[in-house]
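Every read-out reported here was derived from the displayed coordinates using simple, explicitly stated rules and does not represent laboratory data. Since the model is a prediction, treat every value here as computed from it, not as a measurement. Neighbour counts run over all protein chains shown; Cβ positions are idealised from the backbone, glycine included.
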Amino acid sequence: MAFYRFIYVIVSVSTFGGLSLWWTPPEAILYRLPPPWDMVAGLFQWLGMAGFLLLMGGFSGREFLGISQLRRWKRREYDIESGDELVDLNRAGFYGIVRHPMYFFVSLILISAPMMSLGRACWAM
């Protein structure tokens, strides 16, 4: 469906933005890694950030926001009966290793925090 991603982005940004303004997370500390494990966790966070930035460097913002899908729908580059796009599965770069590299790198950044509060854990979920 051509409108799926565009509508998803609007709904998710609105929902997340509204919850961010409304909810005050609790600040109870769940754990704090002692040295040298805090440095190891920090290294994993840096690796996650580097991977995320490398991934986003080759990513189209229009594709991510759903604008490219709307343009392809307008040019009739969809299978009308199934509603699917006429494009191939991306297997280049990180997509050849992990199915959802963006989720992987963001999860790596959030999970490997040297100090985890209850509020941060809720956002990480």
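Its residues counted as N, the range 4-124 yields a C-alpha radius of gyration over 2.2 N^0.38 Å of 1.37. Estimated from the Cβ-Cβ distance and a Förster radius of 22 angstrom, the FRET efficiency linking residue 63 and residue 100 is about 0.90.
Full extension of the chain between residue 20 and residue 74 gives 16.0 nm of extra length, using 0.36 nm per residue less the Cα-Cα distance. Summary: within the chain, the longest segment free of trypsin sites (Lys or Arg not before Pro) located in DSSP loops with at most 12 other C-beta atoms within 10 Å is 1-74.
The phi torsions of the range 48-64, fed into the Karplus equation with coefficients 6.51, -1.76 and 1.60 and a -60° offset, translate into couplings of x, 5, 5, x, 4, 5, 4, 5, 5, x, x, 10, 8, x, 5, 5, 5 Hz, rounded to whole numbers, with Gly and Pro shown as x. Here the Karplus relation 6.51 cos²θ - 1.76 cosθ + 1.60, evaluated at θ = phi - 60°, turns the backbone of the range 91-96 into coupling constants of 10, 8, x, 5, 5, x Hz, with x for every Gly and Pro.
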